Amino acid sequence: MAAKEDLQLLGLAVSPFAIRVRIALNLKGVSYENLEQNLMDKSELLLKSNPVHKKVPVLIHGGKPICESLVILQYVDEVWTAAPSILPAEPYNRAVARFWAGFVDDKLFPSMVGILKATTEEERAAKVSETLAAMGKLEEAFAERASGKPFFGGDSIGYVDLALGSTLIWLEAVRRMFGVAFIDAGETPLLAAWAERFREAEAANGELPDADIAVEFGRTLQARWAAASAAAN
Amino acid sequence: MAGGGDELKLLGMWASPYVQRVELALRLKGLDYDYVEEDLGNKSEFLLASNPVHKKVPVLIHNGKPVCESSVIVQYIDEAFAGTGPNLLPADSHERAAARFWAAFNDDTLKKASEQALRGKTEEEKAEGKKKAAEALEKLEGGLRDCSKGKPFFGGDTVGYVDVMLGATLGWVRATDQMQGRKMFDPATTPLLAAWAERFVELDVAKAVLPDVEKLIELAKMRHAQAAAAAAAAQAS
């Protein structure tokens, strides 16, 4: 039975950063109040809870906010110590997990967003290459680190799985928008099989909206960036 | 555990604040290590093999196993040597989250803004960067107030994770202050940060690790000259 906690999550259905927190809380069997935010009209609670960035996700535990998705994941892991663990127990394996989660957020995700933001075909092609290269490195990492286990985290979803798995709907959205497959049975067979397992995992069930919702959100973002750029010039 | 069977090797570059973070952490924990200076213009096979993904320093090699990325390395040092020396991250989960938050803030938000302020392509971009950097510094001032609770460091009475991550940048902060004729941690707008910075650079460990400001200025001038020469050559051809 899910433990009752004074816990709220300020999030967005389509945000990979919020998705990963929801899946983590599901993994831990912790119940929480999910408060979907409207980023075009930010709530008082969001502005008060994350005054520095004014972004989602924010986890509010016992009235105290925690911000930044990877910081939240580590907090959840440290507070709710029931299995499964999100980060491995052993320091070296923890370092490897942090490295690859950092890689997803610092290299893969910005390159992918760059595809959406690109204003020329040349720029877009460059960002597509970058994203493909990043996926290639993640495929190699899985080959090296997973040792035949179903997830980066081993038998169950872990830190890197959460970081990468939460971007799947966006990788698919970008594929639908621009025709490039970033997870492909031919090029990245291990990640293709992993992605299936991730999507079907109980903890992820219901947390991954259809990629078309991300496509719609993506188009809204593109329109906003174009308008901002036009206004600046 | 420390000493005994542990072999620690750090691949670094004397002017890199990311490397200095690792050195600060190792020394604060009282750990011995071998330092290997890398020529980043001619990276060693060993570096490339140890950090194939980014090919960057720092890399900490512990008993033959490489750890990369400064924030990952510093947390690794804290966890692998948990019984040795002071803890860099606080014990309380919420405080740990705050420490990780502010370290990330420094590397993402403040760094980006500062870079735009210095290296923006237009005067307009630079001005925007300066404004963002000022806002970021104000927020960081709040972070220091919250984390320190009136004590000398982000870590409280003793140097902690955020102090290490931010403190390592003080070499370049002071060099840039001198070159630009400004004070990044301005006592008028960010008094807590200004006092913290003065305090940090006086620590024995900071004096041992942070490079000479004069040497950094020399390096900056040399890099600037090289960039200008390259640009001129590109224009001429």
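What to note about this one:
- Any hit, the range A:54-64, residues being β-branched (V, I, T) and part of a helix (DSSP H, G or I): no
- Condition check for A:K54 on (1) surrounded by fewer than 21 Cβ atoms within 10 Å (Cβ to Cβ); (2) in the same structural domain as A:G165 (by TED's automatic domain parsing); (3) not acidic (D, E): one failure, at (2).
- A:A223 meets the conditions (1) part of a helix (DSSP H, G or I); (2) among the small types (G, A, S); (3) over 18 Å from the mean Cα position of the chain (by Cα); (4) within 28 Å of A:A141 (Cα to Cα) in every case but one. The failed one is (4).
- The residue list A:E78, A:E5 contains one member that is assigned to a loop (DSSP other than H, G, I, E, B) and within 14 Å of chain B (Cβ to nearest Cβ), which is A:E5.
- Across the range A:62-75, the qualifying residues are those that are out of contact with any strand residue (DSSP E or B) (no Cβ under 7 Å at 6 or more places or on another chain) and over 20 Å from A:D161 (Cβ atoms), and the one among them that is nearest to the other protein chains (Cβ to nearest Cβ) is A:K64.
- B:T84 meets the conditions (1) within 25 Å of A:T81 (Cβ to Cβ); (2) in a helix (DSSP H, G or I); (3) of a type in the set (S, T, N, Q) in every case but one. The failed one is (2).
- Those residues of the range A:13-53 which are closer than 22 Å to B:T109 by Cα and outside any helix (DSSP H, G or I), in sequence order: A:S15, A:L39, A:M40, A:K42, A:N50, A:P51, A:V52, A:H53
- Selection over the range B:139-156 of residues that are free of Cβ contacts under 8 Å to residues at least 24 places away in the same chain and not in a helix (DSSP H, G or I) gives a count of 3.
- When the range A:81-101 is filtered for residues that are buried (at least 23 other Cβ atoms within 10 Å of the Cβ) and either more than 10 Å from every other protein chain (Cβ to nearest Cβ) or part of a loop (DSSP other than H, G, I, E, B) (or both), only A:I86 remains.
- Cβ-Cβ distances below 7 Å connect the following pairs, each with a first residue in the range B:107-124 that is part of a helix (DSSP H, G or I), a second residue that is of a type in the set (D, E), and a separation of six or more residues or different chains: B:Q116/B:E125; B:Q116/B:E128.
- Against the test of being outside the structural domain of B:Q20 (by TED's automatic domain parsing) and within 16 Å of the chain's Cα centre (by Cα), the options B:A229, B:A168 yield a single qualifying residue, B:A168.
- Applying the condition of being away from chain A (no Cβ under 14 Å) and small (G, A, S) to the range B:28-73 and asking which residue is nearest to A:E90 (Cα to Cα) yields B:G30.
- Condition met for A:G114 (at pLDDT below 95 and assigned by TED's automatic domain parsing to the domain that holds A:T188): no
The values are calculated or read from the model by the stated rules, or taken from the named source; none is laboratory data. Keep in mind that this is a model prediction, so the values were computed, not measured. As a convention, Cβ positions derive from the backbone with ideal geometry for all residues, glycine included, and neighbour counts pool all protein chains shown.
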